[in-house]
Amino acid sequence: MKSKISAKGVNVYYGEKQALKNISIEIGEKEVTALIGPSGCGKSTFLRCLNRMNDVIDICRVEGSIKFDNLEINSKELDVVRLRENVGMVFQKPNPFPKTIYENIAYGPTIHGLVQSKQELDEIVETSLKKAALWNEVKDRLHEIGTGLSGGQQQRLCIARAISIKPEVILMDEPCSALDPIATAQIEELIDELKNEHTIVIVTHSMSQAARVSQKTGFFHLGNLIEFDSTEKIFKNPGNQQTQDYITGRFG
Amino acid sequence: MNEKSHIVKSYEEQLLLLKDTIVKMGTKAEKQLELSIQAMVRKDLELAKKIITDDEQIDRYEFSIEEQVVNLIALRQPMAIDLRETVVALKISSDLERIGDLSKNIAKRIISIQEVISSELIKGLEIAGLKTVRQVNLVLNSYLHRDKDITENVWNSDEEIDQLTNSNMEMVLKKLETEKNQIQLTQLLFIAKNIERIGDHATNIAEQVYFLITGDYLEGQRPKG
Ligand SMILES: Nc1ncnc2c1ncn2[C@@H]1O[C@H](COP(=O)(O)OP(=O)(O)OP(=O)(O)O)[C@@H](O)[C@H]1O
Ligand SMILES: [Mg+2]
């Protein structure tokens, strides 16, 4: 498996407090990597390292090397806007812009200059919504406001928005935590689809979701990456006792 | 591995109950096997009848285990060691059910044997039979105590039972050439074969227990069954 993102010796500090300790991990291309671990172990912090979202937190300091293909993500010279074009993100709480469904999707391709004509833009909006399994539900109300959709629809709208600019990598931070089982299944199906063209890293608190959607799973605990292996190995026969205690509900 | 308890006590209790049911079922199956050999040696028809009626208890254990396993999978979605615990219980219970069934079958055949059988033949069957009782006992202990070494020993000793079976069958076949109580002797052939198959089921259980403990499969060719 070709690696898409390669982190080596990553340390992250919030002021004095170290949130990630010497993390090294290879994220395989066109694979789904799940990150699991107890609350506060550093999953979201790690995810934010991958598109420099920690930059916006003043007290946050990131050390070590994170390569995206051959590009050093932590380099001062890096064009962060370009990076985020290639590394999209979906958050736990759906956060559509307070604009129409259409505008939510059209915004990214427009500001990144990916389209020449209105027709092209229409096409991107349609294919993104189709990929996110939302098209049929919204095709007649594209000019209604996005925040008027249900939670599950809003989350799929945010996924459609993320994929509209065709990022190579999609980061998802607990994307289904507010969704019902049907919407969750739709998103999981979508993740399966998306991995044909994208590399996906997903943080989830649902062990069964991690098991269902991912090929690799990493277990974090207290800022350390305790175990990283194939998802099958992690859920059938983990190599580390702490991993086993966590996934079987014996923690604490 | 020394496992911590689950945070959810009712889940912990359900897994312990499953383990406990397997041990009870195993103990009963082992007892049925042991008694069937005893009934054969002593030609104890009353005991043979009791074995036949008691077999139903083993079936009930099997049903209970099946129900527990389906519930665990549906309601708890067990992972890692718990998943292996659950799946392995289902497989072990079906091997134990077969051991019970084959023991019952030995008892039935004892009842249908009416003439006196040469003590030399019975002795050979007794030796093989007691050896399988020991195998079943050991493998149940390995399950109870999560002892990988014992499972490997059980797995490796199956060949002895196969050899004892072969020589028992040869002896019976030789007698068949010269004696006229052929129906009775044929029953002994089946008993010899039943004992061998019980040994195979003990071996299957050893494989399951090994997988339960290690998450890996026993290496190498299975001893010829
Ligand atoms: N903006 C911040 N300022 C200070 N400390 C922070 C900040 N963000 C996170 N932390 C600290 O860093 C550690 C890791 O937090 P992070 O949000 O990465 O955990 P997490 O694994 O995503 O947890 P959860 O599962 O609850 O989302 C925690 O101890 C947290 O308190
Ligand atoms: Mg988080």
query: Which of (1) free of Cβ contacts under 8 Å to residues at least 12 places away in the same chain; (2) under 22 Å from the mean Cα position of the chain (by Cα); (3) closer than 30 Å to A:Phe68 by Cα does A:Trp135 not meet, given it meets every other one?
result: (3)
- request: For segment A:29-59, name all the residues that are in a loop (DSSP other than H, G, I, E, B), within 8 Å of ligand 1 (Cβ to nearest atom), among the aliphatic types (A, V, I, L, M) and crowded, with 20+ Cβ neighbours inside 10 Å.
  value: none
query: Taking A:Gln92, is it within 16 Å of ligand 2 (Cβ to nearest atom), more than 14 Å from every other protein chain (Cβ to nearest Cβ) and either under 23 Å from A:Leu179 (Cα atoms) or not in a loop (DSSP other than H, G, I, E, B) (or both)?
result: yes
All positions within segment A:211-242 that are in contact with a helix residue (DSSP H, G or I) (Cβ under 7 Å, 6 or more places away or on another chain), at the interface with chain B (Cβ under 10 Å from one of its Cβ atoms) and either within 29 Å of A:Lys17 (Cβ to Cβ) or charged (D, E, K, R) (or both): A:Ile234, A:Lys236, A:Pro238
query: Pick from B:Leu144, B:Leu130: which is away from chain A (no Cβ under 14 Å), assigned to a helix (DSSP H, G or I) and farther than 21 Å from B:Ala48 by Cα?
result: B:Leu144
message: Condition check: surrounded by fewer than 19 Cβ atoms within 10 Å (Cβ to Cβ), among the acidic types (Asp, Glu) and over 23 Å from B:Met40 (Cβ atoms). Does B:Asp147 satisfy that?
response: yes
task: Determine if segment A:73-87 includes at least one residue that is open to solvent by 30 Å² or more (accessible area, probe 1.4 Å), away from chain B (no Cβ under 14 Å), near ligand 1 (Cβ under 9 Å from one of its atoms) and farther than 16 Å from A:Ile170 by Cβ.
output: no
Given (1) away from ligand 1 (no atom under 15 Å from the Cβ); (2) over 24 Å from A:Pro175 (Cα atoms); (3) surrounded by 19 or more Cβ atoms within 10 Å (Cβ to Cβ), number of the condition A:Val10 does not satisfy: (1)
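Every residue, every condition in (1) within 14 Å of another protein chain (Cβ to nearest Cβ); (2) open to solvent by 40 Å² or more (accessible area, probe 1.4 Å); (3) among the small types (Gly, Ala, Ser), yes or no:
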{"residue": "B:Ala74", "(1), (2), (3)": "yes, yes, yes"}
{"residue": "B:Ile92", "(1), (2), (3)": "no, no, no"}
{"residue": "B:Ile99", "(1), (2), (3)": "no, no, no"}
{"residue": "B:Gly124", "(1), (2), (3)": "no, no, yes"}
- prompt: Which members of segment B:147-174 meet the condition of being in contact with an Asp or Glu (Cβ under 9 Å, 6 or more places away or on another chain) and not in a helix (DSSP H, G or I)?
  reply: none
query: For segment B:51-73, which residues satisfy the criterion of being touching a residue at least 40 places away in the same chain (Cβ under 8 Å) and within 16 Å of B:Val23 (Cβ to Cβ)?
result: B:Ile58, B:Tyr61, B:Ser64, B:Ile65, B:Gln68, B:Val69
statement: Only one of A:Ile25, A:Ile36, A:Ile57 is more than 18 Å from A:Ala160 (Cα to Cα), touching a residue at least 60 places away in the same chain (Cβ under 8 Å) and either away from ligand 2 (no atom under 16 Å from the Cβ) or out of contact with any helix residue (DSSP H, G or I) (no Cβ under 6 Å at 6 or more places or on another chain) (or both), namely A:Ile25
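The values are calculated or read from the model by the stated rules, or taken from the named source; none is laboratory data. Predicted model, so just to flag it, every value in this text is computed and none were measured. Every residue, glycine as well, gets a Cβ built from its backbone with ideal geometry; the counts of neighbours run over all protein chains shown. The protein model used for the area step is the full one, side chains on, heavy atoms only, and it has no ligands, DNA or RNA in it. Shrake-Rupley method; radii C 1.70, N 1.55, O 1.52, S 1.80 Å.
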